[in-house]
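Report on one structure; see the data block that follows.
The values are calculated or read from the model by the stated rules, or taken from the named source; none is laboratory data. Computed from a predicted model, the values in this text were never measured in an experiment. Cβ coordinates were reconstructed from backbone atoms using ideal geometry, including for glycine residues, and neighbour counts include every protein chain displayed.
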Amino acid sequence: MLATQSTGSASLHPWQGSGDPSDRTHTPRIAAHPLGASTMTPGFAPRSSSTRYLAIDLGDKRTGIAVGDLVTGSSPIGVIETPIAHDSGEALLRDLLDAIDEHLDPSGELVFGLPLNMDGTEGPRARTVRSFAARLAERSGRKTHFQDERLTSAEADWAMAGSGLTHAQKKRLRDALAAAAILRDFLASLDRAAPPDPDGAPDDA
């Protein structure tokens, strides 16, 4: 399992060593991801940026996290298996604060996946995410963004197809891959909104 606890303690799981999902050791923090490469969109021409982002795919039982920037793209880190309801959300807040301290420098920012309805409206789940994000932003002092997360879980399933992972492993990795997809889409939106290169040269495609 990615995590054996569901009582509030940090449960970030890495696969280390050979990269084979069957060859894994548990440590408090993620060092590697079994599917490896970043999820940057093909053809996406990154711009230099010093801002690094931590993406969060908030779930009731599992929360996926990913990290990246406009230079490196987005990469899944792992899954925190701390239920959001435990200790009124305080346990998950503490685990996420630990992840922020580990993976971001003081200028880093947060990106939450926002579970919109298919018509683009916000329902109860989106309001829950916004409320929790506000708590984390206040505690961390980090600028926080939201990114439409519709279909990211389906995309994560597609990414794992043919990976050789078991159904149980795929289930637990889905949230980390969804977080990476959320961050990839957010970074792509930043790139589209960026001003033209000052020397007038087109970006490489």
List pairs: first residue in the range 105-129 and farther than 12 Å from F146 by Cα, second residue assigned to a loop (DSSP other than H, G, I, E, B) and basic (K, R) anywhere in the structure, Cβ distance under 8 angstrom, at least six positions apart or on different chains. D105/R52; S107/R52; G108/R52; G108/R142; M118/R150
When the residues of the range 110-126 are narrowed to those that are in a loop (DSSP other than H, G, I, E, B) and among the aliphatic types (A, V, I, L, M), which ends up modelled with the lowest pLDDT? M118
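So that you can scan it fast, the table gives a plain yes or no per residue for (1) assigned to a loop (DSSP other than H, G, I, E, B); (2) modelled with pLDDT under 85; (3) crowded, with 16+ Cβ neighbours inside 10 Å; (4) not acidic (D, E):
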{"residue": "L136", "(1), (2), (3), (4)": "no, no, yes, yes"}
{"residue": "S153", "(1), (2), (3), (4)": "no, yes, yes, yes"}
{"residue": "D157", "(1), (2), (3), (4)": "no, yes, no, no"}
{"residue": "K170", "(1), (2), (3), (4)": "no, yes, yes, yes"}
{"residue": "I182", "(1), (2), (3), (4)": "no, no, yes, yes"}
{"residue": "P198", "(1), (2), (3), (4)": "yes, yes, no, yes"}
{"residue": "D203", "(1), (2), (3), (4)": "yes, yes, no, no"}
The number of residues in the range 73-105 that are surrounded by fewer than 17 Cβ atoms within 10 Å (Cβ to Cβ) and either part of a helix (DSSP H, G or I) or modelled with pLDDT under 95 (or both) is 9
Can I84 be described as more than 19 Å from D69 (Cα to Cα) and in contact with a strand residue (DSSP E or B) (Cβ under 9 Å, 6 or more places away or on another chain)? yes
